[in-house]
Structures are given as C-alpha cells and as structure tokens.
Amino acid sequence: MGITLYCNQREFSELEFGDQLFAVVAQEIVGQRRETERYRCYITDLDLSGLLGDVQSPSNLYLRYKAELELSLNEALSQI
C-alpha cells in the first residue's frame, strides 16, 4: 500500500505520482500560500490503518512516521 497525502481537499497518491509525490504536493502547498516566504509544513492528520490494520500501535510509531513524512515534504518544499 502506498502513501496518499491530502491537501486542500485534493488527493495525491504515490500510485499516481510515484517518486514525484512530495514535489507535487509541495507545489500545491506553495501555490496556496499568499506569501512568498518559505516555511515548514506540518502534517495535521495521520491515518496508518492501511499499514497496520486494526492493530493498536504505540504512539511513538505514529510520531516517527509523521516525522519522516514531514521531512520528505519539507525537503521537497526547499527544492522549489
């Protein structure tokens, strides 16, 4: 199962965009910002049920996965 990110009610899937997923989402984010100043992006909602099923997982797993996704997204933002 691949990664799917949502931004402004739009769905961006790894299946559709492949290794360009984070770059495409970064472009969407920049396009929505009113100011040209670059600043970090944060994930506000995370659903790992597609990866973990119904298994209860520790909070640190969610936090680690969230940090990895944010790192990838912010690296893509820095490349714009």
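The values are calculated or read from the model by the stated rules, or taken from the named source; none is laboratory data. Everything numeric in this text was worked out from a predicted model, so none of it was measured. Note: ideal-geometry Cβ built from the backbone for every residue, glycine included; neighbour counts use all protein chains shown.
Within segment 7-23, being in contact (Cβ under 8 Å) with a residue 24 or more places away in the chain and surrounded by 14 or more Cβ atoms within 10 Å (Cβ to Cβ) holds for Cys7, Phe22, Ala23. Return yes or no: is Gly2 within 18 Å of Lys66 (Cβ to Cβ) and either touching a Lys or Arg at 6+ places or on another chain (Cβ under 8 Å) or surrounded by 10 or more Cβ atoms within 10 Å (Cβ to Cβ) (or both)? Yes: the conditions hold for Gly2. Remark: pairs (first residue in segment 24-39, under 16 Å from Ser72 (Cβ atoms) and modelled with pLDDT of 80 or more; second residue assigned to a loop (DSSP other than H, G, I, E, B) and among the aliphatic types (A, V, I, L, M); Cβ separation under 6 Å; 6+ apart in sequence or on different chains) = Ala26/Ile80; Val30/Ile80.
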